[in-house]
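Here's the structure, in structure tokens; my notes come after.
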Amino acid sequence: MAAIAHRDADRYIERPDRAHFLFLVFGADQGLISERSRRLLASIATNGRQAQNIIDLSGDAIAQDPLILVDEAHSIGLFDGPSREIRVMLGGKSILPALEMIERSPPTSSTIVLIAGDLKRDAQIRKWIERQPFAASIECSLDDARDIQRLLDAELKRANLTIEPEAREILSEILGDDRMSTRSEIDKLLLYAKDQSTVTVEHVHDILLDATAVNLDALLSGTFTGRPERIIEASSKLSLADLDVNRLFAAALRYALAIHRARAEIESGASPDEALQILLRLINGFKRKSEVTTELRQAQSAKTVDFVNAIYVAIKDLRQNNILGDERFSRLMLAMARSMQNANRKRA
């Protein structure tokens, strides 16, 4: 039996235990789950060939008919070669009856990879997999700063590039929400800098820090810290970008809900640092951690609920009449900022 921790997963995937034919790849990072399951199948494929003819099955379909998995695991295809690779996307229904059939009659030449989301230690399928001598669970947690640095270093080496320390620091803050997204962002950056010898801060700003997103963040930050002057400045810049007003209201709603959730975490007993990490991930605010910390500290649950309700009403009104929507958005953000400003003065 084997429970492969996130830190050990890449090393294990390069040389998986030959006694294992059943794998559970799970975790919070969907991009990393996809990457590791693909690499795992390639590592196990016979004679070093790529796993190209993967059989994809639905977990919910197997739950209704366990013999689907059993039949596929014991089938010998005409064109599959000496081994078969089966990938199962788990749903909401249990496939343990099918796995118990597999346990009683193990396949001789099939590899089965189960794909799942984040699972707690006491999740039924995880506990079952980790008890079996022929199976392994492989955890895929969200990348932390060290994971990002290792990935960045590997890609820089492959591209024969170096990187400025400040550019590296910015990347550590803004990357890491999802492995697939992280790889995509790094690839874009290195492609942009391919004719240079060094990746600079300017490269990072040009490619990864969208000016529109920066201005929208500044506007929302001004709203939730009670700084109307920032809203006036950011609104002017956003108007030049001719953004869809629905996108603006949706962003404001997501922002308000994220702050409300983080405050609720604190009121439920979580530490401010834990709540801050939740908020940073929800709004992708790592590049302006100091500002977000202030927003969370100043936020009040009742006031945030008022903001959420006001945005909901504005969105409903906008659907009925979208005339001057951008001006209505700016006025609402200004009103909310002034309300927050007054609340801060009373608390001071």
The chain - charge dipole about Cα centre, Lys and Arg +1 at Cβ, Asp and Glu -1, debye rounded to 20: 780
Charge dipole of the range 2-140 about the Cα centre (unit charges at C-beta), most positive-ward option of MET101, ALA123, ILE4: ILE4
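In whole percent, what relative contact order does the chain give with Cα contacts below 8 Å and a gap of six or more residues?
Once divided by the residue count of the chain, the mean separation gives 17 percent.
Among ARG179, ARG297, what is the fewest-to-most ranking by other Cβ atoms within 10 Å?
ARG297, ARG179
Can you tell me the FRET efficiency between LYS316 and ASN344 if r is taken as the Cβ-Cβ distance and R0 is 35 Å, rounded to the nearest 0.05? Intermediate results must be reported in sequence, preceding the final value.
Values: r = 29 Å, r/R0 = 0.82.
Approximately 0.75, to the nearest 0.05.
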Residue order, fewest to most beta carbons within 10 Å, for GLU100, GLU155: GLU100, GLU155
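If neighbour count is taken as other Cβ atoms inside 10 Å, put ILE4, ILE266, ILE138, ILE315 in order from fewest to most. Don't jump to the answer; show the numbers that get you there.
Details: ILE4 23, ILE266 18, ILE138 28, ILE315 15.
Ordered by Cβ neighbours within 10 Å, fewest first: ILE315, ILE266, ILE4, ILE138.
Once you sort the root eigenvalues of the Cα gyration tensor of the range 266-313 as a ≥ b ≥ c, which label holds: rounded (a/c under 1.5), prolate (a/b larger than b/c) or oblate (the other case)? Write out the running numbers ahead of the final one.
Working: a/c = 2.07, a/b = 1.39, b/c = 1.49.
Judged from the Cα gyration tensor, the range 266-313 comes out oblate (a/c at least 1.5, b/c at or above a/b).
Just to be sure I understand the rule: take each whole DSSP H helix in the chain, project its Cα atoms onto its long axis, keep it if the span is 18 Å or more and its mean Kyte-Doolittle hydropathy is at least -1.0. Which ones pass? Present the calculation step by step, with values, prior to reporting the outcome.
Numbers: long enough: 30-44 (21 Å, -0.07); 145-159 (21 Å, -0.67); 179-192 (20 Å, -0.41); 211-224 (20 Å, 1.01); 228-241 (20 Å, 0.06); 245-267 (33 Å, 0.30); 301-320 (29 Å, 0.23); 325-347 (33 Å, -1.06).
Those that pass (Cα extent of 18 Å or more, hydropathy at least -1.0) are 30-44, 145-159, 179-192, 211-224, 228-241, 245-267, 301-320.
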Positive-pole candidate from GLN64, THR225, ILE323, dipole of the chain, charges at beta carbon: THR225
Rounded, prolate or oblate (a/c below 1.5 giving rounded, otherwise prolate when a/b exceeds b/c) for the range 145-207 by Cα gyration tensor: rounded
Sparsely packed trypsin sites (Lys or Arg not before Pro) within the range 1-31, loop by DSSP, other Cβ within 10 Å at most 12: ARG18
Two-site label geometry, LEU257 and ALA302: point separation in nm, points 7 Å out along Cα→Cβ: 2.5
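Laboratory data are not the source of any read-out in this text; all were calculated from the coordinates shown. Quantities reported herein were computed from a predicted structural model and do not represent experimental measurements. No Cβ is skipped: glycine too gets one built from the backbone with ideal geometry, and neighbour counts run over all protein chains shown.
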